[in-house]
Amino acid sequence: MLSFPTVHTLTGCLLDLEASADELGWGRPPFLLLIQDQPAPSAPSPKARQMTAVRVPVNPGRVGRYRAGLPHLLLDLATSLSTDRPLGRPTLAACVDLGPIVDRVSDPTPGLRLLAWAVCYEDVLVESDQLCEIRRVDAVDADGRGYQITRLRGEPHPVVFIDEQPGEYEPATRPGLQRLVHITSRPRPPSRTTD
């Protein structure tokens, strides 16, 4: 179970991600983010942890031709990671470089744990009779909590929504992100019991 401070820090990380995407401007390709934490080696408290995020670029030209786009790419990526073998789909291999993902997931650092998977992408929102450009950061954490950070083009601030339970109005990316979390999570060590 992730603690409240961890959820708060993770939300801040996702907001920073969206803010840096906003600084770069619109028309950028989507990218994935693998977020982990580990014990902080130089912290005074042995319980202190440090968060790291690995950005995984996605080839924009290839994603556009990928069956149903980003949602299916995420599901296929999770399937490829779960099989423990090279990618069987050349289209997926052309979309995502698995190297950084495999390196981080297989890192033997003691205490390293997966916090979340996130995807940042641009979309079109239909409101009334108008089309609006929107940037989305969708994430799922190790507890299954969903995060949605959205910013309409021209808006000064993003909107943050944290969803404790999957519901009826989920982003199309959520099933793939949930599957990635499940596939890349390390089993938690057994808890100590006293006799």
Open item on the list: Considering only residues that are at pLDDT 85 or above, surrounded by fewer than 19 Cβ atoms within 10 Å (Cβ to Cβ) and under 27 Å from Pro29 (Cα atoms), which ones fall in the range 106-130?
Closed with: Glu122, Asp123, Val124
- [ ] Kindly provide the set of residues from the range 112-150 that are assigned to a strand (DSSP E or B), hydrophobic (A, V, I, L, M, F, W, C) and over 22 Å from Asp22 (Cα atoms), ordered by number.
- [x] Leu114, Leu115
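May I ask you to list the residues in the range 27-47 that are under 26 Å from Leu77 (Cα atoms) and surrounded by 11 or more Cβ atoms within 10 Å (Cβ to Cβ)? Walk me through how you get there before you give the answer.
First pass over the range 27-47, keeping only residues under 26 Å from Leu77 (Cα atoms): 27-38.
Within the range 27-47, Arg28, Pro29, Pro30, Phe31, Leu32, Leu33, Leu34, Ile35, Gln36, Asp37, Gln38 qualify.
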Open item on the list: Restricting to the range 147-177, and then to whatever is under 13 Å from the mean Cα position of the chain (by Cα) and in contact (Cβ under 8 Å) with a residue 40 or more places away in the chain, can you tell me which residue is surrounded by the fewest Cβ atoms within 10 Å (Cβ to Cβ)?
Closed with: Pro175
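The values are calculated or read from the model by the stated rules, or taken from the named source; none is laboratory data. Fair warning: this is a prediction, and the values are worked out from it, not measured in the lab. Backbone-built Cβ (ideal geometry, glycine too); neighbour counts: all protein chains shown.
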